[in-house]
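The values are calculated or read from the model by the stated rules, or taken from the named source; none is laboratory data. Predicted model only: the values in this text are computed from it and were never measured. In this analysis, Cβ positions are derived from the backbone assuming ideal geometry, glycine residues included, and neighbour counts consider all displayed protein chains. Calculation scope for accessible area: heavy atoms of the full protein, side chains included, ligands and nucleic acids excluded. Shrake-Rupley method; radii C 1.70, N 1.55, O 1.52, S 1.80 Å.
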Amino acid sequence: MADANRNVTTPVQKVVVVNGNTEVLGLLETVLDAGRYDMVFVESSDRAYSQIKKVVPNLVILCARIEDLDGFQLLTMLKLDNETKDIPVLTYTTEYEGQDFDAAISQIAEEEEDQLPSRPALRMN
């Protein structure tokens, strides 16, 4: 016989989705609607950091596009901030529009090589 007190509601989990395209947002909405998730969509990395600090989500889903380093910058900021460093971040990327992934990586690597500093990078803990 089922226990009558088992109807305890599960707390709502907060999820922030950053830079998701329409296809990914539709997929996430379908998957996360099946559970108890409160989703916040942020269209650009510009406002994402302040929004994440305001919402304090249980999970951040971040599109870190290879051609746009803002996603990687946001990830770095989140992991260096004591208030947000423990929030799990799920990252994914999409292919460079009109190019395959390997060609996009090669192009970015060539562009970055020209911008590398002549001194060693500082160590981050």
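In this structure the stretch 16-93 gives 59 Å² per residue of accessible area when probed at 1.4 Å with all protein chains present. Annotation: amide H of Ile61 within the under-5 Å range of Val16, Val17, Val18, Leu90, sequence separation 5 or more or interchain, hydrogens built in the peptide plane. In plain terms, the chain from Met77 to Val31 could stretch by 13.8 nm, reckoned as 0.36 nm per residue minus the Cα-Cα distance. Largest accessible area first, the residues Leu25, Leu69, Leu62 order themselves as Leu69, Leu25, Leu62 under a 1.4 Å probe with ligands, DNA and RNA left out.
Roughly to the nearest percent, how much of the accessible area of the stretch 35-74 is carbon and sulfur, given a 1.4 Å probe? Don't skip to the answer; put the middle values down first.
Values: 1020 of 2220 Å².
That share works out to 46 percent.
Extension gain for the segment Val40 to Val56, taken as residue separation times 0.36 nm less the Cα-Cα distance, is 4.7 nm to one decimal.
Highest mean first, what order results for 48-55, 86-93 on Cβ atoms within 10 Å?
On the way: 48-55: 16.6, 86-93: 13.5.
Ranked by mean Cβ neighbours within 10 Å, highest first: 48-55, 86-93.
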